[in-house]
Amino acid sequence: MNKQEAMLIELWIAALRNDAGPNEPPIVALAPVTASANPLVLRSRRFKQPVIVMAEGLWSLVSGATLGMLLWADGPDDLEQFGRDMLVGACNAWVRNEPRAGPSGMAIAKAMVVDIETTHFAVGMANACFTWAFLHEMGHIYLGHLPTDEVVKGLLPDGTAKASLYSYAHRDELEADAFGFERYLGLMALEKDVRRNMPFGPQIDHAPLVLMDLVDMAFRVAGRDDLLKSKSHPTPAIRACAMRDAFASRLSAEGLYWYEYWMERSQVMRRELAIL
């Protein structure tokens, strides 16, 4: 287990600290490439217990797209196009599950040299979103939304496409979203500990809402608007709205300010990319 994996698992355990353990504790695997670029939960006949596959494609989407957005919006003028290209590349890599389509190591290194603080912010945002995504998958287990088979073939980022899997209803996804957000917001009381791994302030409480905007943007950037019409998943906008409405009283003013800042820049980017 590397340092990144150990840090994330520590956060996940902290987020679930007030929950009784499920009857079938899941096996958790962090994978650089799977049949899906999105985290998913399976029931494994081999291991006789649930398996959560945390596909690192989602982490790469958030880190690359966030870094690209911020460099495009607030970085040096000569990096505006560079930031835009990073965001577009990160979106395409995730939707297509083709890591090579995303920002290169050299591009990330260049961004770090230009603005190390923005890079840290993007990494922190990716850790935050990845933590919520894990808790969302745990929600499916705790709430009994378990798949019936371990066969996975050709899954797309929203969970659609042909595969022998339990087909979640929209209600199941919204329930898992709420489960994950409840546990995720529970980490805010541990802010000092969380900051060791997510190096930015209270705006981390809106990270899952930013993720929903990024998912919507990624589908559109990649020319896959059809993925917004899923039998198993509500649209990202509906999911974000449901979480925001359900937990409005627990979200910070700092978080709301930063979320509004993000959404303003997202709208401008969408106009520039003609994906509104």
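The values are calculated or read from the model by the stated rules, or taken from the named source; none is laboratory data. None of the values given here were measured: they were computed from a predicted structure. Every residue, glycine among them, receives a Cβ derived from its backbone with ideal geometry; neighbour counts consider all protein chains shown. Please note that ligands, DNA and RNA were not included when accessible areas were found on the heavy atoms of the full protein model with its side chains. Shrake-Rupley method; radii C 1.70, N 1.55, O 1.52, S 1.80 Å.
The heavy atoms of VAL53 offer some 20 square angstrom of accessible surface to a 1.4 angstrom probe.
Placing GLU264, GLU80 in order of accessible area, with the largest value first and a 1.4 Å probe, yields GLU264, GLU80. Note on the chain: dipole from Cβ charges, positive end direction compared against THR34, PRO76, ALA189; the farthest Cα belongs to THR34. Relative to the dominant Cα principal axis of the chain, helix 3-15 is inclined by about 60°.
Summarising the amide proton neighbourhood of ARG43: residues at separation of 5 or more, or on other chains, whose placed amide H is nearer than 5 Å comprise VAL51, ASP149. Relative to the Cα centre, what is the charge dipole magnitude of region 84-144, using +1 at the beta carbon of each Lys and Arg, -1 at the beta carbon of each Asp and Glu, and rounding to the nearest 20 debye? Roughly 160 debye for region 84-144.
Spin-label model, ALA29/MET112: points 7 Å from Cα along the beta carbon direction are separated by 2.8 nm.
Note on surface exposure: ASP115, ASP85, ASP177 rank ASP85, ASP115, ASP177 by accessible area, highest first, 1.4 Å probe. Under 5 Å from the amide H of ALA55 lie the amide H atoms of ALA31, LEU40, each residue being 5 or more positions distant or on a separate chain, with H modelled from the backbone and absent for Pro and chain starts. How high is the FRET efficiency between SER232 and ASP78 when r is their beta carbon distance and R₀ equals 41 Å, given to the nearest 0.05? For R0 = 41 Å, the calculated efficiency reads 0.40.
LEU174 sits with roughly 60 Å² accessible to a 1.4 Å probe, with DNA, RNA and ligands left out of the calculation.
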